[in-house]
Each structure stands twice: as C-alpha cells, then as structure tokens.
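Asks: Quick one: the structure is below, questions incoming.
Laboratory data are not the source of any read-out in this text; all were calculated from the coordinates shown. Everything quoted here is computed from the prediction, not taken from an experiment. Virtual Cβ from ideal backbone geometry, glycine too; neighbours counted across all protein chains shown.
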C-alpha cells in the first residue's frame, strides 16, 4: 500500500507540474505590423521555483495580414510557417512566485496581394522580433518546492506581467510586409484565475504601447495608438493529466498616423481558440492549439494551427 501511494503521489506531481509547463507553451503568436490577437490560457498559474523550460514549436497560419490603412495592399492571401525556440524559468520574487521567458521566432512567409490594381508577390524568410516577459503572482500563490507542488490546490490567483519586444527582426522599408516591425512595444497585463474543482476560469486584460517606426514603407513615419486586449479562458483538467482550454480574445484601438495623417484603421477584432495539453512523462509534454477570427474590422483575419514540445529540468527534479 505504501508503494502504491508513493507511485500515485509521484504521478500527481508529474502531471500537475507538466500542466504548468504546458501553459508556458502558450506564449507564441504571429505578428505582422501588429501584436494583438495573442491567445494565452494558463498565463497566470502557480509553479515551484527554480525550474527551467525549453520549448520548441511550429506554427502555421493562413489568410489575411494586419497592415496599416495607409498600405496599398488589399485581398492579401499569405501563408506563414514559423519555428519557435523559447526558454523560461520560474523565480522567487521577494516571496512571490514569478517567471521569466524569452521567445525567438523564425518565419517563412509567402503570398500574394493586390497593390495599385496589380497582383504582387512576397516571399521572405528570417527572424521575427523576439519577445521577453516577466510575470509575478502577487495574491493567492505560495512559494512552493517541486515536492510541495504535488499537493497544491489552486483557489483564487491574481498576477501581473510585462512583455517587451525589441526591433531585431527582418525588416525592409521598401516592402509592405515584413517579419519584424522596426519598433519597440511594451505590454503590461493583469490577470485573475479562479479554480472550481477541475474547472478553471481565467480573465486577463492588457495594453500594447508602441514606439514610432521612423523608417516605415517609403521612408515615412508610422505612429500607432495603444491596443487594449482582453482574454477569457475556460479550462478543464482531466484525471489523466490532459487539459483543454476554450478561449476568446477581444482587441480594440491601434489607429495609425502616417506622416501626420490620421488613418481610419481602428481595430475592433475578436478571435476564438482551442488548446489541448498532453503530458508525456515527468519532463516532457506536447501542446496542440488553433485559433480563428470571429469578428474582424482591421487585421487578425487568419487561421492558425500550432504544436509545441516542452522539456523541463532543475529545481530538484
């Protein structure tokens, strides 16, 4: 009986922690001249400190692209293949559980669009802008070791994060579509997560703030208003460690100004997504996810499918 209980506790420990690890895989998104429409279930969850995560992923998107209203492009049909390399580490932040992560995407893009009455092609490969994020749970989450986390039961959590993206990706001011954005963005965010048995409800809201692009298409200056984003996730944990999330997100704002001329390109977009996390063993898990646009005014009119593998180590494992 003692041996059986020990095995069950070890399995619970592996499954519970893999669920958190799979949550880190959700930090990926596709961004072309904009950064809204990310869908991130389990962004605010507790975890034992001192553990590292390595993530490799692949994302495929197909459909329209997000470009400012000043763009001559219309009827765009773009396919994009993106490879993801990411690293994350859980931290003890003055007695509160925190996390740091960095994401480096590399994409291959190809497609067509209409410009000035003629069809144009675009084929490009290169790095997207990387993303760095720091988050902390400041209410409802105790500091836990790997051993203690096996028996942890979530109740109400409140946390915050800040994400920064520097302009290091591929960019050519002679082209309307690029993988990088040639500008910084900063995104502060706050989230609440509440568990009821196997169900968890998570609500978060944040704001993207953009620096100016002083070398926009044709040598122009591009300015963009902040974009607010709100997300709601309904998640369920199965007894075998599999978890799933049904998600919705709404983005608003982001009107642009090009060389002092205000454009009619206010974003008011919503998307829905489905995510499934599959634990493989104590150190490995797989995540499958997809999303599509529901109500689109400007940008976000694409379908997305992705898969990611995560490996974890450290923290006394």
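Asks: In angstroms, what radius of gyration and Dmax does segment 173-317 have, counting Cα atoms only?
Replies: In Å, with Rg to one decimal and Dmax whole: 19.1, 57.
Asks: Considering all projection directions equally, how large on average is the shadow of the alpha-carbon convex hull of segment 128-183, in square nanometres? Working shown, then result.
Replies: Working: hull surface 23.8 nm².
Value for segment 128-183: 5.9 nm².
Asks: Which value in nm describes the separation of the simple spin-label points at residue 205 and residue 280, placed 7 Å from the Cα toward the beta carbon?
Replies: Here the modelled spin labels are 4.0 nm apart.
Asks: Measure off 7 Å from each Cα along the Cα-to-Cβ vector at residue 192 and residue 56, then give the distance between these two points in nanometres to one decimal.
Replies: The two pseudo-label positions are separated by 4.1 nm.
Asks: Another question, then. Give me the distance in nm between label points sitting 7 Å out from Cα along the Cα-to-Cβ direction at residue 106 and residue 236, one decimal.
Replies: Calculated label separation equals 3.9 nm.
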